[in-house]
Amino acid sequence: MRVFNNPVGSGSLWFDNLTTAEGTPVAYDPQARAFLPMPPFCANRERIGCNWIAPKEGAFCRSCAMTALAPDPSIPGAIPNWAQTEAAKRWVLDNLGRWHWFRPEDPGAPPVFHLLAEGPTQVLMGHVEGVVTISVAEADPVVRVTRRQALDEPYRTMIGHMRHEIAHMLWWRLSLREDFLEAFRAMFGDERADYQAALQRHYHDGPPADWRDRFLTSYASCHPHEDWAETAAHLLHLTDITDSCVASGLSSPDQPTPGWDPYAEPDTERLLHIAASLTVRVNHVNRSMGLSDLYPFVLSGPARRKLAFVHDWLRRGAQGL
């Protein structure tokens, strides 16, 4: 994620800012990729702190307009959890916009979001035919850590959920192309295999013993759909970690030029090499504070080939669909 110029003075702005350091209200324009100091602001600005501009006074911004179902406000914690969930959604949509997904120039369908609070029963997150369902309860750190530990996961965040579930939606968009499906099945396997049976087998028997040699995560090993979603999410993780490091003034000796843009890099191997070198360094810094590794994953050869496949399709796939 970039660091942005202050439109009304000195200093910089971060992606989630609502005001400048001096207190001037600002909002982010995702089309211009810049902050503006004037309305119209999103109708959700006061309610959940949305900091994007709207097309007109009283309207929702491009991101909030994609939310067809918002959480029940009577459920405790629903509104603050929703605010954090929408913030994660805006971040990921802006990431994907760097490759022209879900912007006005993208002729395909945008995602529709059902962002639901949890009552007595847990909300099942997922994607079905363009609709992405997310449990806003996962914005609560206690809920999230409890579930991460129960599932023995090394990483679980709301941005991670957004990247994973939107990746399923991206697959749905790309699957409208026969050339994609043929190439996908050659790389990931046949997604027509029984999905529910695959999940039941995964949770009953666990992943194959050699999953680390072939997949990014154990969950990716359960079915080609999940392998795609995990791989696409990790491509976004690695690209945006790298972009954020560059934007913050951090660097790698392997970085091609000072103004290098990871989202514009066509060479996946170069991107992954630089991303891996940066994550090793940041992991080391995190350990100095007793924190978990920023990126606790290993990129095997097969995983790198899948990342290259996803990189190729996401960089070119929004146009013409």
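The values are calculated or read from the model by the stated rules, or taken from the named source; none is laboratory data. No experiment lies behind these values; they were computed from the predicted model shown. Quick reminder, even Gly has a Cβ in these numbers, built from the backbone with ideal geometry, and neighbours come from all protein chains shown. Heads up: the accessible areas ignore ligands, DNA and RNA and are worked out on the full protein's heavy atoms, side chains in. Shrake-Rupley method; radii C 1.70, N 1.55, O 1.52, S 1.80 Å.
Worth pointing out:
- Here the dipole of the stretch 176-321 is about 260 debye; that uses its Cα centre as origin and unit charges on the Cβ of Lys and Arg (positive) and Asp and Glu (negative).
- Listed residues His114, His164, His284, most fluctuating in the chain (Gaussian network, C-alpha, under 10 Å): His284
- Cysteines in the chain lacking any other cysteine Cβ under 4.7 Å from their own Cβ: Cys64, Cys222, Cys245.
- Segment Ser244-Glu22, extension gain: residue separation times 0.36 nm, minus the distance between their alpha carbons: 77.5 nm
- Spacing of the modelled spin labels on Ser12 and Leu291, each 7 Å from Cα toward Cβ, amounts to 1.6 nm.
- Apolar share of the accessible surface for the chain: 55 percent from carbon plus sulfur atoms, 1.4 Å probe.
- Solvent-accessible area per residue, Å², over the chain with all protein chains present [probe radius 1.4 Å]: 47 Å²
- Spacing of the modelled spin labels on Gln31 and Glu57, each 7 Å from Cα toward Cβ, amounts to 1.9 nm.
- Solvent-accessible area of Trp172 with every protein chain in place, 1.4 Å probe, in Å² to the nearest 10: 80 Å²
- A DSSP coil position with no more than 12 other Cβ atoms inside 10 Å describes the following trypsin sites (Lys or Arg not before Pro) in the stretch 122-202: Arg192.
- A cut-off of 5 Å between modelled amide H atoms, ignoring neighbours fewer than 5 places along the same chain, links Thr19 with Val26.
- Around the Cα centre of the stretch 1-157, unit charges on the Cβ atoms of Lys, Arg, Asp and Glu (plus for the first two, minus for the last two) sum to a dipole of about 240 debye.
- Cα lying deepest toward the dipole's positive end in the chain, options Thr242, Asn17, Ala150, charges on Cβ: Asn17
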